[in-house]
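The values are calculated or read from the model by the stated rules, or taken from the named source; none is laboratory data. Worth saying up front: this structure is predicted, and the values here are computed from it rather than measured. We place every Cβ from the backbone using ideal geometry, glycine too, and count neighbours over all the protein chains shown.
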Ligand code: PEP
Ligand code: MG
């Protein structure tokens with residue numbers, strides 16, 4: 001059964017469109033289950049009806065024509081109940097509906113299973129059998145449930161492809177086609193999409209044609225020659241270490257590159273007008289799925305070799321054929337997984353919006369986007385990337401929506417939001433040099449988080465009073481190797497000089513989790529619980545020490561450096577790091593640099609640290625809460641996983657209790673306390689944190705003036721009352737709505753864009 005299932009899923013995966021996918025599903029399921037009928041009904045979002053979209057066994061003519069209301073008939077019942085319905089005598093059931101055009105009167109037994117994707121019913125898959133047989137047995141029911149679960153994602157994906165092409169599942173013209181993701185960075189962008197792909201990733205290669213077949217073939221043949229040469233070289237190098245049967249594998253590889261095998265098939269596709277990269281992807285995938293379907297485990301494993309070979313060829317194809325990309329003035333950059341490097345590829349003035357298929361609002365790339373003020377949608381898991389290139393799109397970064405084929409009405413609506421946002425920004429400019437202080441005189445420091453040089457300019461422009469978090473991993477991520485000490489000095493000096501005499505808090509290299517260095521890959525089953533932050537740098541003092549030296553030297557004459565340690569879960573880590581920092585400090589001084597010993601602090605971002613505030617405070621000069629990670633670890637919700645993004649609540653009562661406890665313990669310990677997670681930049685979050693007694697709020701520059709404006713418009717006593725009220729609540733939703741209501745009543749409605757935008761649009 002499992003093999004059959006695997007092979008159905010693979011066949012469906014390689015279908016070119018939804019119709020072909022459905023036809024494969026009904027044919028193969030009917031065959032495997034040995035039933036007389038298998039049909040798929042899809043729920044059409046516009047008419048809210050189940051439409052018969054594919055069948056094996058009923059009249060073909062009924063496809064696309066027969067439909068049932070949302071709760072009509074047995075199909076509707078399966079959808080409403082969201083569970084399988086298995087009947088021996090379907091016609092006796094009160095919900096049975098008969099459609100003469102389907103010719104289904106002969107079929108008595110009925111088994112219908114909902115096709116569910118992300119809690120939503122996409123449709124219903126049904127098998128039927130004539131009276132001569134009895135009820136479908138438990139095993140058959142379980143099989144259909146498994147097929148349905150496996151196919152739901154594929155159906156969602158192929159359905160989305162049709163939508164992007166401008167038609168609905170039932171073939172009508174679609175406009176305002178929307179895709180739901182999660183909010184990445186606030187704001188609205190209206191522009192043209194540009195899809196970019198990571199290099200040498202076969203699955204990311206788009207379906208494209210060529211207009212110069214001969215050049216494409218030559219280019220492909222040159223790449224094959226290069227790979228052939230590589231394989232020979234590796235074979236020679238390993239000759240003495242391999243047994244003859246292992247060496248034979250290299251001959252098999254070389255054989256596959258011949259004209260009468262894989263290479264020949266690719267050339268045939270190019271001759272049909274497809275470009276070399278797509279042809280290669282198609283042939284490699286066909287070969288690999290052929291192997292993957294084999295029942296012999298050893299042969300199945302060979303699919304990996306084929307893919308490896310394909311990746312190598314693709315590497316050469318991309319290297320030799322690199323074109324210079326041009327970006328439209330209103331670029332909305334789209335990628336499977338956006339990275340800091342990709343953001344850097346587009347000139348800043350042209351980059352209007354961002355869309356990432358993977359990741360969520362708490363992913364680091366979303367944080368970078370917020371810092372740059374670029375509206376972003378993340379986690380659009382079912383969007384077929386290759387179809388999304390060069391489309392007119394709207395990115396709603398408040399609600400996490402992406403729209404294609406927008407109607408003039410929708411465009412008008414979003415243009416008015418863009419204009420309102422601009423007005424709001426302009427209206428706040430006058431407070432940029434005023435203190436972040438409540439009406440009754442309580443002052444908090446308004447700091448910024450930085451990473452790129454662009455953030456520095458934005459931050460200074462918004463009146464930042466210092467840097468509470470400089471993410472030093474960002475310059476590391478956009479490099480192709482570890483930056484040298486000298487390169488780091490230049491980079492750090494820029495930050496320190498820009499903000500002097502205000503301080504700059506430099507966090508030591510915080511890689512791991514979702515922050516990867518291409519030149520220092522960390523592959524782990526569970527990266528957020530793995531080798532991250534200080535765990536990596538303490539294991540690699542050669543990296544840590546160079547960074548410390550560079551920071552210290554860069555601060556000469558400015559003395560506004562603070563050093564901060566990420567991901568601390570144990571006091572020993574702090575002691576070890578302090579030891580290295582002191583050692584480096586003395587060496588730098590001995591070399592003749594005149595620098596002051598910087599303050600050193602620890603991030604409170606794992607639950608263990610919450611309970612050791614006192615012990616940590618005894619060892620360092622300041623503490624700073626990393627609420628992004630603290631939330632992820634307290635709630636056990638991977639901040640990078642869109643599937644659980646709806647469970648990531650910054651205002652979860654448990655998070656608020658932890659933040660409150662940290663504030664109380666820090667006060668008792670007499671240590672300075674700041675927060676540099678995204679919560680600090682949320683106006684409601686800022687109010688609560690101020691009430692809790694946080695000394696400084698560090699946020700992305702885009703939120704600075706909004707937060708300052710709210711703090712300047714309230715009394716500390718009012719904030720404390722609100723905090724008291726909120727700390728008694730038990731649900732994150734009620735906390736959020738209580739805060740929204742309080743801010744609205746206090747006259748800050750215009751800062752509550754996310755909830756406002758969605759309710760306005762639906763009115
Ligand atoms: C945090 O975890 O809150 C934080 C500020 O660090 P980062 O988002 O870079 O992990
Ligand atoms: Mg963190």
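Structure notes:
- The residues on offer are 595, 610, 606, 620, and the sole one that is in the same structural domain as residue 541 (by TED's automatic domain parsing), in contact with a helix residue (DSSP H, G or I) (Cβ under 6 Å, 6 or more places away or on another chain), touching a residue at least 12 places away in the same chain (Cβ under 8 Å) and more than 16 Å from ligand 1 (Cβ to nearest atom) is 595.
For (1) surrounded by 24 or more Cβ atoms within 10 Å (Cβ to Cβ); (2) away from ligand 2 (no atom under 14 Å from the Cβ); (3) over 27 Å from residue 750 (Cβ atoms), each residue gets a yes or a no:
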position	(1), (2), (3)
602	yes, no, yes
607	no, no, yes
633	no, no, yes
649	no, yes, no
667	no, yes, yes
673	yes, yes, yes
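- Scanning segment 503-522 for residues that are away from ligand 1 (no atom under 12 Å from the Cβ) and in a strand (DSSP E or B) yields 504, 506, 517, 520.
- The residue that is modelled with the highest pLDDT, counting only those in segment 361-415 that are within 16 Å of ligand 1 (Cβ to nearest atom), part of a loop (DSSP other than H, G, I, E, B) and more than 23 Å from residue 120 (Cα to Cα), is 363.
- Residue match in segment 548-560 (condition: within 13 Å of ligand 2 (Cβ to nearest atom), assigned by TED's automatic domain parsing to the domain that holds residue 613, surrounded by 17 or more Cβ atoms within 10 Å (Cβ to Cβ) and part of a loop (DSSP other than H, G, I, E, B)): no
- Answer from 705, 688, 679 - the residue that is in a helix (DSSP H, G or I), within 28 Å of the chain's Cα centre (by Cα) and farther than 17 Å from residue 435 by Cα: 679
- Filter result (touching a helix residue (DSSP H, G or I) at 6+ places or on another chain (Cβ under 7 Å) and within 16 Å of ligand 2 (Cβ to nearest atom)) within segment 498-527: 506, 508, 509, 510, 511, 512, 513, 514, 515
- Selected residue [more than 24 Å from residue 472 (Cβ to Cβ) and at pLDDT below 95] from 639, 643: 643
- Evaluated against (1) closer than 19 Å to residue 370 by Cα; (2) more than 16 Å from ligand 1 (Cβ to nearest atom); (3) outside any loop (DSSP other than H, G, I, E, B), residue 488 falls short on exactly one condition, (1).
- Segment 637-657: number of residues that are free of Cβ contacts under 8 Å to residues at least 40 places away in the same chain and within 15 Å of ligand 1 (Cβ to nearest atom): 3
- Helices (runs of 4 or more DSSP H) enclosed by segment 1-117 - at least 1 residues per element that are modelled with pLDDT of 90 or more and closer than 30 Å to residue 293 by Cα: 18-33
- So residue 469, is it closer than 27 Å to residue 613 by Cα, away from ligand 2 (no atom under 16 Å from the Cβ), modelled with pLDDT of 95 or more and outside any loop (DSSP other than H, G, I, E, B): no
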